[in-house]
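What follows draws every value from the coordinates through simple rules; no lab data is involved. Not measured: the values here are computed from a predicted model. Please note: Cβ atoms are built from the backbone with ideal geometry, for glycine as well, and neighbour counts cover all protein chains shown.
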Amino acid sequence: MANDGLSLMDRVREAANAVPDPCSMARNLNLGVADMGMIRNIRLEEVPSGRWSVTMLIRLTAPGCMYMPYFEEHLRREVTRLPDVDEFRIVWDDNFDWTPECLSPAAKEKVAARTRHLEEVLRYTERADCDAQGAAAKPSVTTQSKVKE
């Protein structure tokens, strides 16, 4: 990941967003932690080495989420890849106040597009089912001719 003139805060957020939320992956959305709105706060502190310590306050999307170790491992890996970062720490928010309103605008659009796609698939499937049921109810020409013989 290149610096590209981004601030360290922006690069940390970008690195965190490279970690997809497993629940969004299950829905074929592949939304990153930042786009999911799971990052409540990022604190940067300079350490004696001249590099930075990053502390991230993370909220889960549900109280029963079992992915804390996944987030810990993957966020640590992505954020500590940044050359300016020396230390990384996660603090887990215990408020459990995440809602879909926490999604970034880009994530909300991705969810809306996926919903539209699934609704179209459902409409197509329902039409195909109705067509198949209608065809099954009508005897075919071959069947009718055999019945008359």
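How high is the FRET efficiency from Ala18 to Ile90, r the C-beta distance, R0 22 Å, rounded to 0.05? Walk me through the numbers on the way to the answer.
Working: r = 15 Å, r/R0 = 0.70.
The formula returns an efficiency of 0.90 here.
For the pair Asn30 and Arg116, how long in nm is the line joining their label points, each one 7 Å along Cα→Cβ? Output for this residue pair reads 2.0 nm. Both radii were evaluated on the Cα set of the stretch 8-137; the Rg over Rh quotient, with Rh as the Kirkwood radius, amounts to 1.19. Coupling constants for the stretch 107-113 follow from the phi torsions by the Karplus curve (6.51 cos²θ - 1.76 cosθ + 1.60, θ = phi - 60°), and in residue order they are 5, 4, 5, 5, 5, 5, 5 Hz; glycine and proline get x. In terms of its Cα atoms, the stretch 1-47 spans 38, 22, 14 Å along the principal axes, sorted from long to short. For the stretch 72-130, the direction-averaged projected area of the alpha-carbon convex hull comes to 7.3 nm².
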